[in-house]
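Trainee: Questions regarding the structure given below will be posed in turn.
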Amino acid sequence: MSLYFVAAEASGDLLAREVIDAVRRTAPGIEINGIGGAELAATGIASPIDISPLSIVGYAEALKAYGTVLKLVEAAANDICARKPKVVVLVDSWGFMIRLAQRVRARDPSIRLVKLIGPQVWATRPGRAKALAASVDSLICMHEIEAPYYEPYGLKVTVIGNPALARGEKGNGQAFRQAHGIRPDEPVLLVLPGSRRGEIAKVAPALIDAAQRIKSARPDVRVVVQPAASIEAVFKARFPDAERWALINNQPDSRYDAMAAADIALACSGTVTSELAMQGAPMIVAYKTGWITWALVRGLLYKKRHITLLNILNGDHELVPEFVQTKQNPQRIADTALGWLSDPAKLSAQRALQADALKALVREGSSAAQIAAAAILDELKSA
């Protein structure tokens, strides 16, 4: 009996590691292989494929890399079919994984396929529910609002809640401050520039610019920049002087401590926004993609007014300030942050607002990884 995990991006790589750890706690004798990055490697699984080219943002950008994606899909399918695992778990990354699922299913229908984290059918392109149901045996998704989209197609669905909210305990902001010589009364501005190459190119410049403006207006503010480990080298190459005026936190073990220490966070939209809310950090979110992608998404595909999960799942209202595409202006981002810093009551109100909104993302009971592991083991028994 064997499992095979495929993770194509940083967030999926982390989730794969967590679920693998949970599977091994329950069934330590199961053979597990996989494709992934540093997190998968930390479990002792050697990836036969380099997934770094899959850190793509946007439709136009994906089109440019289409040939590379297809080559990686073929290489992944070859390794999976050669190993013949009983169950393959495809983590996040819709475009890559649906192609891989279809390729494996065509070549070896005996292999059962599980999609771990579904596409956002509740926000855009609900037709993907039908395509997914035809390509995999079961889905493990985050939110209850997703399940009804798959009911007409008979796909088995397990809801696990948001994995980001089950990761570790509350960060220790005091310990982070002490470790870096930051006084208890010293304001901390945390910058989270993204986890993909495209985000470092299109979002990080605005966030770094805004942070510099804030630092210029408020020299007492300590700036901490926390790039994802998968693109740290890319970030440093793009912003070689950042270490002169900011602390670059490259210690994964202290990432939640840094969030807990932050008075304000400037964040690239993504999973990290839920993690910030969990750590009680008031946040400002930015995002930008290519103009062709933006035109397609806004004009034809995306059905919500906001992009931050806290906002979407709370009536699609802007509880967390968003600066997206044409609104991604460093001065406006800086002005919002400076307004909060100058008024402690506003900061407290934002923190309370996020804490209340967070309730829509929480699922009681076992952790997301534990629930996912149980569903995968059930699939393995069925196989």
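Nothing in this text is a laboratory measurement; each read-out follows from the coordinates by a stated rule. If you're wondering where the values come from, they're calculated on a predicted model, not measured in any experiment. Counting neighbours? That spans all protein chains shown, and the Cβs are built from the backbone with ideal geometry, glycine included.
Trainee: Please tell me the relative contact order of region 173-361 in percent, rounded to the nearest whole number, where contacts are Cα pairs under 8 Å and at least six residues apart.
Mentor: 23 percent
Trainee: Sequence neighbours fewer than 8 away in the same chain don't count; with that in mind, list the lysines whose C-alpha is under 26 Å from LYS288.
Mentor: LYS64, LYS202, LYS215, LYS236, LYS303, LYS304, LYS327
Trainee: Something else: Hey, what number do you get for the chain at 222 nm if only DSSP H runs of n ≥ 4 count, each worth -39500 (n - 2.57), divided across all residues, to the nearest 500?
Mentor: Rounded to the nearest 500, the figure is -12500 deg cm²/dmol.
Trainee: To the nearest 10 degrees, how steep is helix 368-382 against the longest Cα principal axis of the chain, on a 0 to 90 scale?
Mentor: Once rounded, the angle reads 10 degrees.
Trainee: Would you work out the relative contact order for region 59-157, in percent, from Cα pairs under 8 angstrom that are 6 or more residues apart?
Mentor: 22 percent
Trainee: I'd like the orientation of helix 94-107 relative to the chain: the angle between its Cα long axis and the longest Cα principal axis, in ° from 0 to 90, rounded to 10.
Mentor: Relative to the chain, helix 94-107 is tipped by roughly 10 degrees.
Trainee: Another question about this same structure. With θ set to phi - 60° and the Karplus curve 6.51 cos²θ - 1.76 cosθ + 1.60, what are the ³J(HN,Hα) couplings of region 124-131 in order, to the nearest whole Hz, using x for Gly and Pro?
Mentor: For region 124-131, the Karplus-derived couplings read 7, 6, x, x, 5, 4, 5, 5 Hz, x marking Gly and Pro.
Trainee: Listed highest first by mean packing, meaning other Cβ atoms within 10 Å per residue, what order do 219-227, 46-54, 372-380 come in? Walk me through the intermediate numbers first.
Mentor: Details: 219-227: 19.7, 46-54: 16.2, 372-380: 21.4.
So the order, starting with the most tightly packed, is 372-380, 219-227, 46-54.
Trainee: Let a ≥ b ≥ c be the square roots of the eigenvalues of the Cα gyration tensor of region 1-154; is it rounded (a/c under 1.5), or, if not, prolate (a/b larger than b/c) or oblate?
Mentor: Rounded, since a/c falls under 1.5.
Trainee: Quick one: which of 187-193, 142-148 comes out on top by average Cβ neighbours within 10 Å, and what's the full order, highest first?
Mentor: Per-residue Cβ counts within 10 Å, averaged per peptide and sorted highest first, yield 187-193, 142-148.
Trainee: Going by the alpha-carbon gyration tensor, a ≥ b ≥ c the square roots of its eigenvalues, is region 173-361 rounded (a/c under 1.5) or, if a/c is not under 1.5, prolate (a/b greater than b/c) versus oblate?
Mentor: oblate
Trainee: Please pull out the direction-averaged projected area of region 140-248, using the convex hull of its alpha-carbon atoms, in nm² to one decimal place. Intermediate values should be presented prior to the final figure.
Mentor: On the way: hull surface 39.0 nm².
Dividing the Cα hull surface by four gives the mean projection, 9.8 nm².
Trainee: Can you tell me the 0 to 90 degree angle between the C-alpha axis of helix 344-357 and the longest principal axis of the chain, rounded to 10?
Mentor: Approximately 10 degrees, to the nearest ten.
Trainee: Go through region 39-52 residue by residue and turn each phi into a ³J(HN,Hα) via Karplus (6.51, -1.76, 1.60, θ = phi - 60°); whole Hz please, and just put x for glycine and proline.
Mentor: Each residue's phi maps through the Karplus curve to give 5, 5, 4, 5, 8, x, 9, 8, 7, x, 10, 7, 8, 4 Hz.
Trainee: When a/c reaches 1.5 or more, the comparison of a/b and b/c decides; with that in mind, is the chain rounded, prolate or oblate per its Cα gyration tensor?
Mentor: prolate
Trainee: Further question: Please compute the contact order of the chain in relative form: average sequence separation of alpha-carbon pairs under 8 Å and at least six residues apart, divided by the residue count, as a percent.
Mentor: On the way: 686 pairs, mean separation 65.5, N = 383.
Relative contact order for the chain comes out at 17 percent.
Trainee: Let me ask another. Taking the Cβ of each residue in VAL272, VAL88 as the centre, tally the other Cβ atoms inside 10 Å and list the residues starting with the fewest.
Mentor: Taking fewest neighbouring Cβ atoms as first place, the list is VAL272, VAL88.
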